[in-house]
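One structure is given here, and the rest of the page talks about it.
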Amino acid sequence: MEHSLHAKYGLKRVINASGRMSILGVSAPTDTVMEAMRTGGQSYVEIADLVNKAGDYIARLIGSEAAVVVNSASSGIALSVAAIVTEGNIRRSLRLHQEPITRNEILMFKGHNVQYGAPVETMVYLGGGKVVEVGYANEGRAEHLEEAINEHTAAILYVKSHHAVQKNMISFEEAWEVAHRHHIPLIIDAAAEEDLPKYIPYSDLVIFSGSKAIEGPTSGIVAGKHIYVEWLKAQLHGIGRSMKVGKETTFGLLQALDEYQDKPDRSEQEKHALQDILVPLSDQPGITVKIVQDEAGRAIFRGRVHIDASVAKLTAQEVNDRLREGEIAIYTRDYGVKQGYFDIDPRPLLGDDLEIIAGRIGEITGG
């Protein structure tokens, strides 16, 4: 069915081995999530009531005081910043960017100011904040935060992500201690994280993607202290109007969250599949395949395909490009191509995708 739909609009079949990536539509929700979206979308509801009740439901599930559904983790950053710099004041919220706000500095480690498809700092500025980078690209300490706090500091933003520098960075728990000691709100961007309740006790607002680990429709969740979530809701009539969430999305996300509570851990099966299907490519000259764990320490295992260009007569970049440009577009996790490797993330793979990937790599490298 999906292939004929792709053909109708002239789209390629895509195999997503890159992980939960926005450029490919993040994840493939289950039939029951799609059914909840259909049922929710085909009936009417008071949206303000849905915003409140959906937030209450999510807060109960993950153990926060309050929560709100937003349309993406990106807008979650912008709306969280806007909430804190306006303090939920309606006039300031509606006139954001028109009237000066003096307490608008958002402290952030230099190693956390990453580009994830858009720069984190762009979302902070969209929310009326001003980024103040602290620390260094390879070091972020508690005193770097403390020394930068002044009367203009509105919040600290901590980015928990595989994109961020992991080396020599204090943990989010340590950042929370600094924020708490100075009575400054801490916002955690935990977009792709899997253990949602873990971040609640150590943050004032925490942002999750609804479509990454949770595998719901394109959406986001901001959860945290009641007062800050209420301030955020005031933004929904300001900049948040351009980021609004459809009712069908909210119902789909709630269903996905219900299913997420007892989602089986498939990491062991995924590891075995990589071992059986991908690792044998190591028999080919110039190719070495190893299984590696996720950089941010999550229980995610990927196949790392290392290409020795002097033997294979092709660079990792060239192999990766040819995978992507084939009749079936295969997207790998390609952050390491300049170092001679790319990763295959088994989580989004469907049906015979892994066999097709192994076959294509073999073809391209001449095996």
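The table below lists the values:
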| read-out | value |
| --- | --- |
| Given charges at Cβ of Lys, Arg, Asp, Glu: the range 17-163 dipole, positive-most of A28, A82, I101 | A28 |
| Under 30 Å from the Cα of K110 - lysines, other chains or at least 8 residues apart | K130, K160, K167, K198, K212, K225, K233, K338 |
| In order through the range 143-152: 3J(HN,Hα) via Karplus (6.51 cos²θ - 1.76 cosθ + 1.60), integer Hz, x for Gly, Pro | 5, 4, 5, 4, 5, 8, 6, 8, 5, 8 |
| Loop trypsin sites (Lys or Arg not before Pro), the range 164-217, which have at most 13 other Cβ atoms in a 10 Å radius of their Cβ (DSSP) | K167 |
| Size of electric dipole in the chain: Cβ of Lys, Arg +1 and of Asp, Glu -1, about Cα centre, debye, nearest 20 | 820 debye |
| Anisotropy class of the range 218-367 from Cα gyration tensor, a/c 1.5 cut | prolate |
| Cα gyration tensor shape of the range 171-254, rounded if a/c is under 1.5, else prolate or oblate by comparing a/b with b/c | oblate |
| Crossing angle, helix 353-364 versus the chain [Cα axis fit, 0-90 degrees, rounded to tens] | 60 degrees |
| Difference of contour (0.36 nm per residue) and Cα-Cα distance, H272 to H182 | 27.6 nm |
| For Cα Rg over 2.2 N^0.38 Å, calculated from these coordinates, the label among (1) 1.16; (2) 0.95; (3) 1.05 | (3) |
| Whole-number D in µm²/s for the range 70-210 (Stokes-Einstein; Kirkwood sum over Cα pairs; 20 °C, 1.002 mPa s) | 144 µm²/s |
| Contour excess over end-to-end distance, with Cα ends at Q115 and R60 and 0.36 nm allotted per residue | 16.6 nm |
| Loop-located trypsin sites (Lys or Arg not before Pro) in the range 220-275, at most 13 other Cβ atoms within 10 Å (DSSP) | K244, R266 |
| Cα gyration tensor category, rounded, prolate or oblate, for the range 18-145 with a/c compared to 1.5 | oblate |
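Here, each number is a calculation from the coordinates, and none is a lab measurement. Quantities reported herein were computed from a predicted structural model and do not represent experimental measurements. Note that we place each Cβ from the backbone using ideal geometry, even for glycine, and neighbour counts take in every protein chain shown.
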